[in-house]
1. Ratio to report: Rg/Rh of the chain, with Cα atoms as the point set and Rh obtained by the Kirkwood method; give two decimals.
2. Please check: in the Gaussian network model of the chain (C-alpha springs, under 10 Å), which one of Ser26, Ser120, Ser41 has the largest mean-square fluctuation.
3. Choose one of Leu106, Val150, Val127: the residue whose Cα lies farthest towards the positive end of the charge dipole of region 22-159 (beta-carbon charges +1 Lys, Arg; -1 Asp, Glu; about the Cα centre).
4. Considering only protein heavy atoms, what is the solvent-accessible area of Arg126 at a probe of 1.4 Å, reported in Å² to the nearest 10?
5. Count of lysine pairs in region 13-145 with Cα atoms under 30 Å apart, counting only pairs 8 or more residues apart in sequence or on different chains?
6. Name the GluC sites (Glu not before Pro) in region 84-159 that are in a loop by DSSP and that have at most 11 other C-beta atoms within 10 Å, would you?
7. With runs of 4+ DSSP H residues as the only contributors, calculate the mean residue ellipticity of the chain at 222 nm using -39,500 (n - 2.57) per run, divided by the residue total and rounded to the nearest 500.
8. May I ask for the distance between the Cα centers of region 121-159 and region 23-84, given as a whole number of Å?
Amino acid sequence: MEKDWSFLEYSDSSEEHKQKIDEIISAGEITETSKVLIAISSDEFVDRVVDSSICRQLLVVHDSLFMLACIKEKYDKVKCWQGELIYVPEKWAPLDVVFLYFLPALPFELGQILEVLRKSCLPGARVVISHPQGRQVVEEQRKLYPDVVVSNLPEKMLL
(Lines give C-alpha, C1' and ligand atoms only; values in the text may rest on other atoms or scores of the structure.)
Protein backbone atom coordinates (compact mmCIF):
# COMPACT_ATOMS: atom_id res chain seq x y z
CA MET A 1 0.00 0.00 0.00
CA GLU A 2 1.39 3.37 -1.01
CA LYS A 3 1.60 5.95 1.79
CA ASP A 4 0.84 9.59 1.06
CA TRP A 5 4.18 11.41 0.93
CA SER A 6 2.83 14.57 -0.70
CA PHE A 7 3.31 16.62 2.46
CA LEU A 8 7.06 16.42 1.89
CA GLU A 9 6.63 18.49 -1.26
CA TYR A 10 6.74 21.89 0.36
CA SER A 11 6.07 24.42 -2.36
CA ASP A 12 8.31 27.24 -1.21
CA SER A 13 10.35 28.74 -4.01
CA SER A 14 11.77 31.49 -1.82
CA GLU A 15 15.48 32.14 -1.84
CA GLU A 16 15.60 31.38 1.90
CA HIS A 17 14.17 27.90 1.36
CA LYS A 18 16.59 27.19 -1.51
CA GLN A 19 19.44 28.45 0.66
CA LYS A 20 18.49 26.04 3.47
CA ILE A 21 18.50 23.12 1.03
CA ASP A 22 21.83 24.25 -0.38
CA GLU A 23 23.28 24.43 3.16
CA ILE A 24 22.14 20.85 3.78
CA ILE A 25 23.75 19.71 0.53
CA SER A 26 26.99 21.59 1.18
CA ALA A 27 27.27 19.91 4.60
CA GLY A 28 27.69 16.63 2.71
CA GLU A 29 30.86 17.92 1.00
CA ILE A 30 30.09 15.99 -2.19
CA THR A 31 32.99 15.50 -4.60
CA GLU A 32 33.27 13.96 -8.07
CA THR A 33 34.25 10.61 -6.53
CA SER A 34 31.51 10.55 -3.88
CA LYS A 35 28.97 7.79 -3.57
CA VAL A 36 25.87 9.50 -2.18
CA LEU A 37 22.72 8.07 -0.60
CA ILE A 38 19.56 10.09 0.00
CA ALA A 39 16.96 8.48 2.25
CA ILE A 40 13.31 9.60 2.27
CA SER A 41 13.50 12.69 0.17
CA SER A 42 11.43 15.18 -1.72
CA ASP A 43 11.72 15.64 -5.47
CA GLU A 44 13.00 19.15 -4.83
CA PHE A 45 15.89 17.94 -2.70
CA VAL A 46 16.94 15.37 -5.30
CA ASP A 47 16.68 18.04 -8.01
CA ARG A 48 18.98 20.37 -6.05
CA VAL A 49 21.54 17.61 -5.43
CA VAL A 50 21.58 16.64 -9.11
CA ASP A 51 21.80 20.29 -10.23
CA SER A 52 24.48 21.35 -7.75
CA SER A 53 26.76 18.34 -7.41
CA ILE A 54 28.71 15.98 -9.59
CA CYS A 55 29.23 12.61 -7.95
CA ARG A 56 30.15 9.10 -9.01
CA GLN A 57 26.92 7.56 -7.71
CA LEU A 58 23.63 8.93 -6.42
CA LEU A 59 21.26 6.45 -4.79
CA VAL A 60 17.78 7.47 -3.61
CA VAL A 61 16.05 5.17 -1.12
CA HIS A 62 12.33 5.58 -0.54
CA ASP A 63 9.26 3.52 0.33
CA SER A 64 7.23 5.04 -2.47
CA LEU A 65 7.50 3.48 -5.91
CA PHE A 66 5.67 6.50 -7.29
CA MET A 67 8.27 8.95 -5.98
CA LEU A 68 11.12 6.77 -7.23
CA ALA A 69 9.48 6.46 -10.65
CA CYS A 70 9.21 10.25 -10.89
CA ILE A 71 12.89 10.61 -9.99
CA LYS A 72 13.94 7.90 -12.45
CA GLU A 73 11.88 9.53 -15.20
CA LYS A 74 13.83 12.78 -14.73
CA TYR A 75 17.29 11.35 -14.04
CA ASP A 76 18.19 8.09 -15.69
CA LYS A 77 21.61 7.94 -14.00
CA VAL A 78 20.20 8.21 -10.47
CA LYS A 79 19.97 4.79 -8.81
CA CYS A 80 16.69 4.12 -6.99
CA TRP A 81 15.89 1.47 -4.40
CA GLN A 82 12.44 0.92 -2.95
CA GLY A 83 12.41 -0.22 0.65
CA GLU A 84 13.75 0.52 4.09
CA LEU A 85 17.13 2.16 4.61
CA ILE A 86 18.43 -0.59 6.88
CA TYR A 87 17.93 -3.19 4.14
CA VAL A 88 19.74 -1.41 1.28
CA PRO A 89 21.90 -3.98 -0.55
CA GLU A 90 25.67 -3.79 -0.05
CA LYS A 91 26.27 -3.48 -3.81
CA TRP A 92 26.07 0.33 -3.50
CA ALA A 93 28.51 0.55 -0.60
CA PRO A 94 30.86 1.98 0.51
CA LEU A 95 29.19 5.37 0.80
CA ASP A 96 30.86 8.75 1.29
CA VAL A 97 27.80 10.91 1.94
CA VAL A 98 24.39 10.02 3.41
CA PHE A 99 21.50 12.46 3.60
CA LEU A 100 18.82 11.41 6.06
CA TYR A 101 16.62 14.11 4.62
CA PHE A 102 13.47 13.15 6.49
CA LEU A 103 14.67 10.96 9.37
CA PRO A 104 11.36 11.14 11.30
CA ALA A 105 9.68 9.07 8.57
CA LEU A 106 12.07 6.14 9.04
CA PRO A 107 10.40 3.50 11.22
CA PHE A 108 13.62 2.50 13.00
CA GLU A 109 15.50 3.66 16.04
CA LEU A 110 18.35 6.07 15.30
CA GLY A 111 20.83 3.58 16.77
CA GLN A 112 19.75 0.90 14.27
CA ILE A 113 20.13 3.32 11.37
CA LEU A 114 23.57 4.52 12.48
CA GLU A 115 24.76 0.93 12.99
CA VAL A 116 23.77 0.00 9.44
CA LEU A 117 25.41 3.16 8.10
CA ARG A 118 28.58 2.40 10.06
CA LYS A 119 28.92 -0.80 8.06
CA SER A 120 27.97 0.83 4.73
CA CYS A 121 30.10 3.98 4.92
CA LEU A 122 33.77 4.69 4.41
CA PRO A 123 35.74 6.07 7.36
CA GLY A 124 35.20 9.83 7.41
CA ALA A 125 31.87 9.64 5.57
CA ARG A 126 29.40 12.42 6.26
CA VAL A 127 25.89 11.66 7.55
CA VAL A 128 23.66 14.73 7.28
CA ILE A 129 20.39 14.61 9.24
CA SER A 130 18.09 17.42 8.23
CA HIS A 131 14.74 18.91 7.41
CA PRO A 132 14.69 22.30 5.66
CA GLN A 133 11.61 23.47 7.53
CA GLY A 134 13.05 22.66 10.95
CA ARG A 135 12.06 20.86 14.11
CA GLN A 136 8.75 22.66 14.70
CA VAL A 137 7.35 21.69 11.28
CA VAL A 138 8.36 18.05 11.85
CA GLU A 139 6.45 18.04 15.14
CA GLU A 140 3.38 19.49 13.39
CA GLN A 141 3.65 16.91 10.60
CA ARG A 142 3.89 14.14 13.19
CA LYS A 143 0.51 15.20 14.58
CA LEU A 144 -1.06 15.41 11.10
CA TYR A 145 0.52 12.24 9.64
CA PRO A 146 1.21 9.88 12.57
CA ASP A 147 1.28 6.84 10.28
CA VAL A 148 4.20 8.30 8.27
CA VAL A 149 6.05 10.64 10.64
CA VAL A 150 6.89 8.31 13.50
CA SER A 151 9.49 10.34 15.43
CA ASN A 152 10.96 13.81 15.85
CA LEU A 153 14.40 15.01 14.80
CA PRO A 154 17.06 13.91 17.32
CA GLU A 155 18.53 16.39 19.77
CA LYS A 156 22.22 17.25 19.31
CA MET A 157 23.09 15.74 22.70
CA LEU A 158 21.59 12.40 21.68
CA LEU A 159 23.67 12.37 18.51
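1. In the chain, Rg relative to Rh is 0.92.
2. Ranking Ser26, Ser120, Ser41 by mean-square fluctuation puts Ser26 first.
3. Comparing the listed Cα positions along the dipole, Val127 ranks first.
4. 60
5. So the count works out to 27.
6. For GluC sites (Glu not before Pro) across region 84-159 that sit outside H, G, I, E and B with at most 11 neighbouring Cβ atoms in 10 Å, the list reads Glu109, Glu155.
7. -10000 deg cm²/dmol
8. A separation of 18 Å, based on Cα centres.
The values are calculated or read from the model by the stated rules, or taken from the named source; none is laboratory data. These numbers were taken from a predicted model, which means no experiment stands behind them. Every residue, glycine among them, receives a Cβ derived from its backbone with ideal geometry; neighbour counts consider all protein chains shown. Just the protein is used for accessible areas: all its heavy atoms, side chains included, with ligands, DNA and RNA removed. Shrake-Rupley method; radii C 1.70, N 1.55, O 1.52, S 1.80 Å.
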